[in-house]
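Below: one structure, written as structure tokens.
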């Protein structure tokens with residue numbers, strides 16, 4: 001397991017830096033579900049004392065990314081089918097609320113940001129540079145969260161989105177999934193631009209339901225491949 005070097009952020013505490021590196025590694029899948037994280041090993045690898053690592057691990061456990069194992073450190077949470085269903089049920093309800101606020105408060109500048117985002121997405125799909133689509137996906141939804149003008153709602157939406165990020169990263173490089181994601185974004189953008197809350201909520205629901213279905217299919221396929229590999233190697 002490779003951990004990225006700490007960023008040089010003067011305004012962040014060392015604990016904040018350790019936390020951000022570990023959290024990013026988990027949500028992007030660089031640290032996979034089921035991985036054991038040990039405080040002393042991480043401290044040595046990241047070249048920091050154990051205190052900021054301990055605090056960062058505790059924070060990640062509180063947020064649900066890890067669970068503690070007595071005298072053995074922490075384990076990165078794996079999401080079951082039920083967890084995925086539950087996540088998207090909650091995310092759909094929260095994002096519909098966000099849409100109600102955003103549709104009235106979004107600015108022309110923010111709509112322009114979304115339009116540019118869609119153009120960049122089209123370019124990446126056309127040129128096959130799908131590895132850059134994840135950041136564009138996060139950016140697109142981030143504009144909507146920001147447009148709510150609610151700090152609390154923004155952080156809730158962002159946190160829920162992050163929980164499914166590693167699965168979206170695994171899928172978004174696939175042309176079919178990338179195009180479905182892009183098409184969903186176009187419908188959401190058009191509804192926001194036209195201030196049509198009914199169409200907006202319908203577009204968000206269809207977009208998230210498709211994402212949930214594709215993630216569940218990915219998990220099923222991964223399990224089947226792991227099973228076949230295990231049988232062949234036994």
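The values are calculated or read from the model by the stated rules, or taken from the named source; none is laboratory data. As the structure is a computational prediction, the values presented were derived from the model and not from experiment. Here Cβ is always computed from backbone atoms with ideal geometry, including for glycine, and neighbour counts include all displayed protein chains.
General remarks:
- Qualifying residue in the stretch 145-152 (condition: at pLDDT below 95 and surrounded by 15 or more Cβ atoms within 10 Å (Cβ to Cβ)): no
- Check on residue 34, surrounded by fewer than 12 Cβ atoms within 10 Å (Cβ to Cβ), modelled with pLDDT under 95 and either under 28 Å from residue 150 (Cβ atoms) or within 20 Å of the chain's Cα centre (by Cα) (or both): yes
- Conditions (1) closer than 22 Å to residue 163 by Cβ; (2) touching a residue at least 40 places away in the same chain (Cβ under 8 Å); (3) within 18 Å of the chain's Cα centre (by Cα); number of the one not met by residue 148: (3)
- Test result for residue 26, outside the structural domain of residue 193 (by TED's automatic domain parsing), crowded, with 17+ Cβ neighbours inside 10 Å, touching a strand residue (DSSP E or B) at 6+ places or on another chain (Cβ under 9 Å) and part of a helix (DSSP H, G or I): yes
- Residue identified as surrounded by fewer than 19 Cβ atoms within 10 Å (Cβ to Cβ), in contact with a helix residue (DSSP H, G or I) (Cβ under 8 Å, 6 or more places away or on another chain), farther than 18 Å from residue 206 by Cα and in the same structural domain as residue 202 (by TED's automatic domain parsing) among 63, 115, 100: 115
- The single condition among (1) more than 21 Å from residue 29 (Cβ to Cβ); (2) not in a helix (DSSP H, G or I) that residue 125 does not meet is (2).
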